[in-house]
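Read through the structure below, which is laid out as structure tokens, and then see the notes.
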Amino acid sequence: MQIHLKTLGCRLNEAELETWAQAFQQAGHRITRELSQANLIIVNSCAVTQDAARKSRQLIRRIHRDNPSAKLVVSGCYATLNEDEAAQLMGVDLVVSNKDKNQLVEKTLASLDMDSMPAMSTEPGEVSLFSRGRQRAFVKVQDGCRYRCTFCIVTVARGEERSRSIREIIDEVNALHQQGINEVILTGVHLGGYGSDIESDLAQLIENVLNETQIPRIRLGSLEPWELPDNFFDLFNDPRLMPHLHLPLQSGSDSVLRRMARRCKTAEFRQIVAQARAKVADFNITTDIIVGFSGETEEEWQQSLDFIEQTGFGHLHIFTYSRREGTKAANMPNQIANDVKKRRSRQLHEIAHAMKETFMEENLGRTFPVLWEGQTETLSNGKTRVFGYTPNYLRVACDTDNIETIENRIIPARLLTVEDNYILSELQH
């Protein structure tokens, strides 16, 4: 059976797709990147905003339209919060809620009575990963969140915190490395809360992964900027832990943060950033910002802009606030008009572009080890432009005559010039 995997939303959804891909293959099935060739399609949906839920519905409908003969299984936050609606969408054969995600492969094979091809289960696991164009893998270390930010529906959809054992995570990382993966990203709904239910913590997990695996590069997924242990940045003394953190700020105004029920105020966030930059060279901080949150005044918006510019980020993920039924913020007074949100979003995008360009320029002339990927562009001179990432998560490119010599290898490159959203470099063999 040929299986195609699709996801919307967070890195945790990506991690779950990686796990399902491996499990389907071990059950004797083949993963395909071509939707038209699939007998079975799995969609891991998102519902972080109303727009994300709408996109999930659109994706499901489009997939069925493009391949109406394939069986279609839908999971994820949209399918969990709107199970009846998802089940009634044209072409959907099975809905698997978040609480049953760990059994998605078994439920799918049992419910849809799929025949397997046992010979396939003997192929190495990298078939499922690299057929999806991956040189890195997402490893889900925990699920759920104990906090209730007023704008967030995901904690309702994902439930209480549940951490995987350190042994299980280490075994997965080692298995991925044996399959040729050179970089893993540890991810979760509330990554900083890892271990709260099993008498452990994130620092202990990272220490164990560093000590008990040989994988060259370890990254951390989106990490809430609170509950970091005192020795957290000492972990980055090991060069295998990449010097980049995505710390969601959401707003640079303390009064807005209070309405969001965020647990980190601007002064604390500033201290965390300063600590990271003082401790670790070339550290890259990226973040999320919500524009036009309920009741956000012009004064609060200006406070937010000032704080963002003063802090400086390598990249901003900018989200225009949309009301999400089931959250406290949906019923807050003084909702912001759409034209105001659009104006503020344009303003912040200009600032974000300038900050990102500044950070890239600050790294020019430096040499970094780069993990080169399979993503390429064919140039008019016959060469191939290959892309990859530095340890501090700068996207870089180099031109080569032979992609096979560098793909999925870590090779140093000297950063030369900024080209739009990446840096052109030359290899330093």
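Among the listed residues LEU249, LEU257, which satisfies the condition of being at pLDDT 95 or above, within 20 Å of the chain's Cα centre (by Cα) and in the same structural domain as GLY292 (by TED's automatic domain parsing)?
The unique qualifying residue is LEU249.
I'd like the residue in the range 328-345 that is under 27 Å from the mean Cα position of the chain (by Cα) and small (Gly, Ala, Ser) and, out of all such residues, is nearest to GLU299 (Cα to Cα).
SER345
Is it the case that some residue within the range 243-259 is in a helix (DSSP H, G or I), of a type in the set (Val, Ile, Thr) and either touching a residue at least 40 places away in the same chain (Cβ under 8 Å) or buried (at least 20 other Cβ atoms within 10 Å of the Cβ) (or both)?
Start the filter on the range 243-259 by keeping residues that are in a helix (DSSP H, G or I), which leaves 254-259.
With the extra rule that they be of a type in the set (Val, Ile, Thr), the set shrinks to 256.
Next cut, either touching a residue at least 40 places away in the same chain (Cβ under 8 Å) or buried (at least 20 other Cβ atoms within 10 Å of the Cβ) (or both) only: 256.
Scanning the range 243-259 turns up at least one residue that is in a helix (DSSP H, G or I), of a type in the set (Val, Ile, Thr) and either touching a residue at least 40 places away in the same chain (Cβ under 8 Å) or buried (at least 20 other Cβ atoms within 10 Å of the Cβ) (or both).
Hey, could you check the range 148-180 for residues that are without any contact (Cβ under 8 Å) to a residue 40 or more places away in the chain and in a helix (DSSP H, G or I) and say which is surrounded by the fewest Cβ atoms within 10 Å (Cβ to Cβ)?
Applying the filter and picking the extreme gives ARG167.
Looking at the range 291-316, I want the residues that are within 14 Å of PRO248 (Cα to Cα) and have a partner that is among the aromatic types (Phe, Trp, Tyr) with Cβ atoms under 6 Å, at least 6 apart or on another chain. Which pairs are those?
GLY314/PHE359
Taking the range 43-61 as the search range and keeping residues that are of a type in the set (A, V, I, L, M, F, W, C) and not in a helix (DSSP H, G or I), which one is surrounded by the fewest Cβ atoms within 10 Å (Cβ to Cβ)?
If we take residues in the range 43-61 being of a type in the set (A, V, I, L, M, F, W, C) and not in a helix (DSSP H, G or I), then VAL48 is surrounded by the fewest Cβ atoms within 10 Å (Cβ to Cβ).
Filter the range 1-12 down to residues that are surrounded by fewer than 22 Cβ atoms within 10 Å (Cβ to Cβ) and modelled with pLDDT under 90, then give me how many there are.
4
Those residues that are hydroxyl-bearing (Ser, Thr, Tyr) and surrounded by 14 or more Cβ atoms within 10 Å (Cβ to Cβ), I need them from the range 375-429; list them, please.
THR376, THR384, TYR389, THR390, TYR393, THR400, TYR422, SER425
Restricting attention to the range 197-238, which residues are part of a loop (DSSP other than H, G, I, E, B), in contact (Cβ under 8 Å) with a residue 40 or more places away in the chain and within 24 Å of THR287 (Cβ to Cβ)?
Selection gives GLY221, SER222, GLU224, PRO225, TRP226, LEU228.
Inside the range 140-165, can you point out the residues that are over 20 Å from ARG11 (Cβ atoms) and modelled with pLDDT of 90 or more?
THR150, SER165
Considering the range 293-325 alone, what residues qualify as being surrounded by fewer than 21 Cβ atoms within 10 Å (Cβ to Cβ), among the charged types (D, E, K, R) and over 30 Å from LEU241 (Cα atoms)?
Listed by number, the residues that qualify are GLU298, GLU299, GLU300, ASP306, ARG323, GLU325.
Restricting the search to the range 22-42, which residues are hydroxyl-bearing (Ser, Thr, Tyr) and either under 19 Å from the mean Cα position of the chain (by Cα) or not in a loop (DSSP other than H, G, I, E, B) (or both)?
Listed by number, the list holds a single entry, SER36.
Does the range 365-413 hold any residues that are out of contact with any Lys or Arg (no Cβ under 7 Å at 6 or more places or on another chain) and of a type in the set (Gly, Ala, Ser), and which are they?
Listed by number, the residues that qualify are GLY365, GLY374, SER380, GLY382, GLY388, ALA413.
Is one or more of the residues making up the range 272-292 crowded, with 22+ Cβ neighbours inside 10 Å, more than 26 Å from ARG219 (Cβ to Cβ) and aliphatic (A, V, I, L, M)?
yes
Is one or more of the residues making up the range 93-112 modelled with pLDDT under 85, over 27 Å from HIS190 (Cα atoms) and either touching a strand residue (DSSP E or B) at 6+ places or on another chain (Cβ under 8 Å) or part of a loop (DSSP other than H, G, I, E, B) (or both)?
yes
Would you tally the residues in the range 363-398 being more than 25 Å from the chain's Cα centre (by Cα) and without any contact (Cβ under 8 Å) to a residue 24 or more places away in the chain?
Number satisfying all stated conditions: 7.
Just need a number here: residues in the range 72-92 that are part of a loop (DSSP other than H, G, I, E, B) and of a type in the set (Gly, Ala, Ser).
Final tally of qualifying residues: 1.
The rows are residues; the columns are (1) modelled with pLDDT of 90 or more; (2) in contact with a Pro (Cβ under 6 Å, 6 or more places away or on another chain); (3) not hydroxyl-bearing (Ser, Thr, Tyr).
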| position | (1), (2), (3) |
| --- | --- |
| VAL280 | yes, yes, yes |
| THR286 | yes, no, no |
| GLY295 | yes, no, yes |
| GLU299 | yes, no, yes |
| GLN303 | yes, no, yes |
| PHE313 | yes, no, yes |
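The values are calculated or read from the model by the stated rules, or taken from the named source; none is laboratory data. Note that this is a predicted model, so its numbers are computed, not measured. Note: ideal-geometry Cβ built from the backbone for every residue, glycine included; neighbour counts use all protein chains shown.
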